[in-house]
Amino acid sequence: MSLMSDFINQLPVYNDDIVLFSSDAVRLGYYFHKNKENFDINELLDLILNKIGTEGTVLFPTYNWDFCKGIQFDYKNTPSQTGSISQAALKHSAFKRTKHPIYSWAVAGKDREYLCELNNTDSFAEDSPFAYLYKKNGKNIILDVSMQNSFTFVHYVEQTVGVSYRYVKKFSANYIDETGMESLRTYSMFVRDYDVDAEVNLEPLERYLLDNKIIEETKIACSRILSIPLNKTFDIIKEDILNNQSKMIATYKGQKN
C-alpha cells in the first residue's frame, strides 16, 4: 500500500460524509519526500472522493480577499489564497468553484451543483455554503493547522447569533463570471470592528473542544488531524456568545474579565 493510500485510509472521513477540508500541506509533503514517495495532490483528492462515495460532498476553501481591496475577481483565474491543496482542487476535473468572490469553495460530490448555483451576496448568510454545512451536519477536517488560522465557520455563528464586535460591510469591485461576462458587483462580509479592538482568539475554543472530546484529534504519519462536528460546535459557540461574552472566540474592548 502506498503512503497516500495509507494516509487516506486512516483519515476520519467516511462514506456519505459532508466534509470541509482546511489544510497546510507543507508537513505532509516533507513526510512523503523523506520517505521517498511522490506527494501527488491529485491522487490525494481522488482518494478522498472515492472514500466519501457518491452520496458525499467535499469542499475546499478557495478564499481570496483581494475583492475587499477593490481588485477584480475572475471566476476562472483568481487563485486561492488558502493553500496548495485548495488551488489544486480548482484545477481538478471533479471540482467546481462556487460564486462568491471572497469566500468561494472548490466543491465535488453529490451537492456540487446545488452549492455552485448559490448566489449569496453575503458571506455568512443563510443562503451561503456555511449555512449548508451547518444544516447538513457537516464536519471540518483540519490538517496541520490550528483552529485559530483556519476555522472560518466561527464567523457564520457570530453573524447568525449576533455579536457587538463585528458588523456587515459591503465591498464592490469588477467581477468576471464563468462565461466571461464582466460587471460591477457588491458583496458583504461580517468584519471586525476595530473601534473596539476586536480580535479573533480561538485558542480557548480549541482547548474546550479537545478537553470535552467534542472534536476528534488524531495523528497520521507526521500530521495532526482535527475532525470538528459543525452542528455541535455551532451550539457551543452560540452558548459562549449569549452567556459568556464570546470569551472562547474573541477579545474586544469592553469585554469583562
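The values are calculated or read from the model by the stated rules, or taken from the named source; none is laboratory data. Note that the coordinates shown come from a computational prediction; the quantities given were computed from them, not determined experimentally. Neighbour counts are summed over all protein chains in view; Cβ atoms, including those assigned to glycine, are modelled from backbone coordinates with ideal geometry. Heavy atoms of the whole protein, side chains included, go into the accessibility calculation; ligands, DNA and RNA do not. Shrake-Rupley method; radii C 1.70, N 1.55, O 1.52, S 1.80 Å.
Filter region 108-124 down to residues that are more than 22 Å from Ile52 (Cα to Cα), assigned to a loop (DSSP other than H, G, I, E, B) and either of a type in the set (A, V, I, L, M) or touching a residue at least 60 places away in the same chain (Cβ under 8 Å) (or both), then give me how many there are.
Adding up the residues that qualify gives 4.
Scan region 133-143 residue by residue and report those that are open to solvent by 10 Å² or more (accessible area, probe 1.4 Å) and either in contact with a helix residue (DSSP H, G or I) (Cβ under 8 Å, 6 or more places away or on another chain) or among the hydrophobic types (A, V, I, L, M, F, W, C) (or both).
Across region 133-143, the qualifying residues are Tyr134, Asn137, Lys139, Leu143.
If you go through region 145-162 one residue at a time, do you hit one that is more than 15 Å from the chain's Cα centre (by Cα) and among the hydroxyl-bearing types (Ser, Thr, Tyr)?
Yes - at least one qualifying residue is present in region 145-162.
Filter region 184-208 for residues that are over 24 Å from Ser172 (Cα atoms), more than 18 Å from the chain's Cα centre (by Cα) and either among the polar types (S, T, N, Q) or open to solvent by less than 70 Å² (accessible area, probe 1.4 Å) (or both) and give the result.
Result: Val196, Pro204.
Taking into account only those residues within region 114-132 that are among the aromatic types (Phe, Trp, Tyr) and within 15 Å of the chain's Cα centre (by Cα), which is surrounded by the fewest Cβ atoms within 10 Å (Cβ to Cβ)?
Here the answer is Tyr132.
Restricting the first residue to region 195-209 and requiring it to be under 10 Å from Lys247 (Cα atoms), which pairs with a second residue that is charged (D, E, K, R) meet a Cβ separation below 6 Å and a spacing of at least six or different chains?
none
For region 215-246, how many residues are surrounded by fewer than 13 Cβ atoms within 10 Å (Cβ to Cβ), part of a helix (DSSP H, G or I) and touching a residue at least 60 places away in the same chain (Cβ under 8 Å)?
1
If I filter region 247-256 for residues that are modelled with pLDDT under 95 and open to solvent by 70 Å² or more (accessible area, probe 1.4 Å), do I get at least one hit?
Yes, there is a match, as at least one residue in region 247-256 is modelled with pLDDT under 95 and open to solvent by 70 Å² or more (accessible area, probe 1.4 Å).
For region 67-90, which positions are touching a residue at least 40 places away in the same chain (Cβ under 8 Å) and open to solvent by less than 50 Å² (accessible area, probe 1.4 Å)?
Passing the criteria: Phe67, Cys68, Gly70, Phe73, Asp74, Tyr75, Thr82, Gly83, Ile85, Ser86, Ala88, Ala89.
Go through (1) within 19 Å of Arg224 (Cα to Cα); (2) touching a helix residue (DSSP H, G or I) at 6+ places or on another chain (Cβ under 6 Å) and name the single condition Phe130 misses.
(1)
Got a number for residues in region 54-89 being of a type in the set (A, V, I, L, M, F, W, C) and over 21 Å from Glu117 (Cβ atoms)?
5
Would it be correct to say that Asn42 is part of a loop (DSSP other than H, G, I, E, B) and either open to solvent by 50 Å² or more (accessible area, probe 1.4 Å) or farther than 18 Å from Val145 by Cβ (or both)?
So Asn42 does not fit the description; no.
Provide a single number: the residues in region 146-173 that are over 21 Å from Ile236 (Cα atoms) and open to solvent by 10 Å² or more (accessible area, probe 1.4 Å).
Here the count works out to 6.
Return yes or no: is Thr62 modelled with pLDDT of 95 or more, surrounded by fewer than 21 Cβ atoms within 10 Å (Cβ to Cβ) and within 18 Å of the chain's Cα centre (by Cα)?
no
Do we find that Ile71 is under 25 Å from Asn149 (Cβ atoms), in a loop (DSSP other than H, G, I, E, B) and modelled with pLDDT of 95 or more in this structure?
yes
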